[in-house]
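Here's the structure, in structure tokens; my notes come after.
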Amino acid sequence: MGILHLKNGVLSGMILGDGHLAKASVVLQLKHTLPQFNYLRFKLGLLDQLGFTCRTSNITRHVTTFGMFEYCHGTATGNNLHEYYMYSFSQLLSELNSLGLLIWWLDDGCLSVHQKSSGSISRFGYLNTQGYGLEGNQLIRNHLYSKFGIETTIHVDSKSGPFTKQDHHRLYLNATNMRRLIDIVREFIPWIPKDMLYKLNMRYVANRRED
């Protein structure tokens, strides 16, 4: 079975995540750091199956607040991208399906597994939605619960270095709801590149340093 029936949800997940619609040229632009090149190819492969014309472009280097990074770029074009320019934020959330949710998580999700000073293991996740403001996070929180049964809480992002601001909010998922998210996207996990599986690895193996 193809994935055309998943089209709106997949596009919604990409746009809500790291994708950017360039209205003037009818292009969906994707950008990832170079270690995620296989993931970029995976996303372009999905877009190709959905009937878009896709290509990768040159590797670029940029100086960021966190240092020098290399980026890989991809684009998808197609006349039917026009309709997505008209989507409201709420419409994108309403169209989101399980594959789109997986893509959004792989773009912006962060799974933390670390050992506490007591020796116990803590597991939780963040969906990095700092760009949507408090009102946007409340809307996302409501949609994730009503559509997928995923319960989240809104946290102020106070540990993002130079980006720390009191009005930067993101969504916190406890271990139970991380499991729920994984169960929802499970059928698509075999599709994704192995080097992205760390975002779904709930094993009791620490993946975060305390500092």
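Roughly how tilted is helix 98-108, in degrees to the nearest 10 and between 0 and 90, from the longest Cα axis of the chain?
That works out to roughly 70 degrees.
What do you get for the angle between helix 175-185 and the principal long axis of the chain? Use alpha-carbon atoms, 0 to 90 degrees, nearest ten.
Once rounded, one gets 20 degrees.
Determine the per residue accessible area of the chain with all protein chains present and a 1.4 angstrom probe, expressed in square angstrom.
Per-residue accessible area for the chain comes out at 54 Å².
Using a Gaussian network for the chain with springs between C-alpha atoms less than 10 Å apart, which of these wobbles most: Ile182, Ile59, Ile15?
Top of the fluctuation ranking is Ile59.
How would you order 140-146, 83-89 from highest to lowest mean count of nearby Cβ atoms within 10 Å?
140-146, 83-89
Please build a GNM for the chain, connecting alpha carbons under 10 Å apart, and tell me which residue among Leu46, Leu200, Leu102 fluctuates the most.
Result for the chain, Cα springs under 10 Å: Leu46 fluctuates most.
Could you compute how fast region 2-94 diffuses translationally, taking Rh as the Kirkwood radius over C-alpha pairs and applying Stokes-Einstein at 10 °C with viscosity 1.306 mPa s? Give it in µm² per second.
Rounded to a whole number, D works out at 114 µm²/s.
At 1.4 Å probe size, what's the solvent-accessible area of Trp191? Round to the nearest 10 Å².
Here the accessible area works out near 110 Å².
Taking all protein chains as present, what is the carbon and sulfur share of the accessible area of region 1-160, in % to the nearest whole number, probe 1.4 Å?
With neighbouring chains kept in place, the figure for region 1-160 is 50 percent.
In straight Cα distance, which aspartates and glutamates are under 13 Å from Lys7, not counting same-chain residues fewer than 8 positions off?
Asp48, Glu83, Glu95
Pull up all non-local amide H partners of Asp157: gap of 5 or more, or a different chain, and H-to-H distance under 5 Å with H placed in the peptide plane.
His168, His169, Arg170
Ratio of alpha-carbon Rg to the 2.2 N^0.38 Å globular estimate for region 45-136, to two decimals, please.
Here the Cα radius of gyration is 1.46 times the empirical estimate.
The values are calculated or read from the model by the stated rules, or taken from the named source; none is laboratory data. None of the values given here were measured: they were computed from a predicted structure. Please note: Cβ atoms are built from the backbone with ideal geometry, for glycine as well, and neighbour counts cover all protein chains shown. What goes into the accessible areas is simple: the full protein's heavy atoms, side chains included, and nothing from ligands, DNA or RNA. Shrake-Rupley method; radii C 1.70, N 1.55, O 1.52, S 1.80 Å.
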